[in-house]
Amino acid sequence: MPGNGKLRLAVWKFASCDGCQLSLLNCEQELLALLEHVEIAYFLEASRATSRGPYDLSLVEGSITTPHDAERIHAIRRDSKLLVTIGACATAGGIQALRNFRDVKAFTSIVYPNPDYIRSLRRSTPIRDHVEVDFELRGCPIDKGQLLEVVGALLAGRRPGIPTYSVCHECKRAANLCVMVAHGTPCLGPVTNAGCGAICPAFTRGCYGCFGPAEKTNTASLTNWLRDNGENRKTLVRSFRSFNADAEAFRKESEALEQAGKRHG
């Protein structure tokens, strides 16, 4: 830590939409209190003023999609005492991980007039595939309350108290009517990690899986229930391939559905 006794914080961006960085700025009043204990040494989303490492804590948003980024993340890791990944892109490859299921060269040849200039990796991968990560904070975007909990816990020298159970627990605590049981609405809540406060089910919409798979999931059981209630295989594949398409549990379920579709025509 610097002479002022504050924790030196850096915030980094890779392939992403900036939404998780904005969650930190949206802390507003809480951010003012946080600044009593934290020095923001590097955060281009908020300020041009930067200072070199080492940093006590680095928050990393975004996935690794280019050779340059694959090199840069190692430099950041070396400069960081603790490294926390924030958001679906950094923890599961993000929406851009949809490329992992297809040939990315086919996309670049369609989108760009000179695809030879594009330096892109074949896959979009989470940060942990490249360097050691001390903690992962999920969400698309992350929840600002959870972000404050993580930073506060690290300041206090304890492990963050972030839930690993499903969105269904949040629905029950909020006394939400189950959209699957009451309306037959497709919902990924039973297999999705809590953290959003069950926003979508609270407004009678199914969960979209923004926070990725919960610690203990049974995606096959949910798939069977949804198919029994009229959902077709292609729709289910798309359901698992959104913000956390390459998260292991969601990826395996979508691939199993695709393979089953090929076998049955």
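Take the residues in region 47-69 that are of a type outside the set (Val, Ile, Thr) and under 18 Å from the mean Cα position of the chain (by Cα); name whichever of them is farthest from residue 150 (Cα to Cα). So, considering only residues that are of a type outside the set (Val, Ile, Thr) and under 18 Å from the mean Cα position of the chain (by Cα), the one farthest from residue 150 (Cα to Cα) is 69.
Exactly one residue out of 151, 131, 191 is without any contact (Cβ under 8 Å) to a residue 60 or more places away in the chain, over 15 Å from residue 88 (Cα atoms), in contact with a strand residue (DSSP E or B) (Cβ under 9 Å, 6 or more places away or on another chain) and in the same structural domain as residue 106 (by TED's automatic domain parsing), and it is 131.
Filter region 7-35 down to residues that are in contact (Cβ under 8 Å) with a residue 24 or more places away in the chain and among the acidic types (Asp, Glu) and give me whichever is surrounded by the fewest Cβ atoms within 10 Å (Cβ to Cβ). The extreme case among them is 18. Inspect all residues belonging to region 48-55 and state whether any of them is at pLDDT 95 or above and either closer than 21 Å to residue 154 by Cα or not acidic (Asp, Glu) (or both). Within region 48-55 (the criterion being at pLDDT 95 or above and either closer than 21 Å to residue 154 by Cα or not acidic (Asp, Glu) (or both)), the answer is yes, since at least one residue qualifies.
Which ones in region 8-48 are within 18 Å of residue 79 (Cα to Cα) and either part of a loop (DSSP other than H, G, I, E, B) or touching a Phe, Trp or Tyr at 6+ places or on another chain (Cβ under 8 Å) (or both)? 8, 9, 10, 11, 12, 14, 41, 42, 44 - these are the residues of region 8-48 that are within 18 Å of residue 79 (Cα to Cα) and either part of a loop (DSSP other than H, G, I, E, B) or touching a Phe, Trp or Tyr at 6+ places or on another chain (Cβ under 8 Å) (or both).
Applying the set (1) farther than 21 Å from residue 137 by Cα; (2) in contact (Cβ under 8 Å) with a residue 40 or more places away in the chain; (3) not hydroxyl-bearing (Ser, Thr, Tyr) to residue 49 leaves exactly one unmet item: (2).
Kindly indicate whether residue 83 is touching a residue at least 40 places away in the same chain (Cβ under 8 Å) and under 19 Å from residue 160 (Cα atoms). Spelling it out, residue 83 is indeed touching a residue at least 40 places away in the same chain (Cβ under 8 Å) and under 19 Å from residue 160 (Cα atoms).
Of the helices (runs of 4 or more DSSP H) lying entirely inside region 156-252, those carrying at least 3 residues that are over 24 Å from the mean Cα position of the chain (by Cα) and either of a type in the set (Gly, Ala, Ser) or crowded, with 19+ Cβ neighbours inside 10 Å (or both) are 179-183.
Residues that are among the acidic types (Asp, Glu) and modelled with pLDDT of 95 or more were ranked within region 56-112; the one that is farthest from residue 259 (Cα to Cα) is 56. In contact with a Ser or Thr (Cβ under 7 Å, 6 or more places away or on another chain), of a type outside the set (Val, Ile, Thr), within 24 Å of residue 53 (Cβ to Cβ) and surrounded by 21 or more Cβ atoms within 10 Å (Cβ to Cβ): is that true of residue 97 in this structure? Here the answer is no, as residue 97 does not meet what is asked. Consider residue 120 carefully, then state whether it is assigned by TED's automatic domain parsing to the domain that holds residue 141, of a type in the set (Ser, Thr, Tyr) and in contact with a strand residue (DSSP E or B) (Cβ under 9 Å, 6 or more places away or on another chain). Considered against the rule, which asks whether it is assigned by TED's automatic domain parsing to the domain that holds residue 141, of a type in the set (Ser, Thr, Tyr) and in contact with a strand residue (DSSP E or B) (Cβ under 9 Å, 6 or more places away or on another chain), residue 120 comes out as no. In region 59-78, the qualifying residues are those that are closer than 10 Å to residue 127 by Cβ and not acidic (Asp, Glu), and the one that is surrounded by the fewest Cβ atoms within 10 Å (Cβ to Cβ) is 77.
The values are calculated or read from the model by the stated rules, or taken from the named source; none is laboratory data. Computed from a predicted model, the values in this text were never measured in an experiment. Cβ coordinates were reconstructed from backbone atoms using ideal geometry, including for glycine residues, and neighbour counts include every protein chain displayed.
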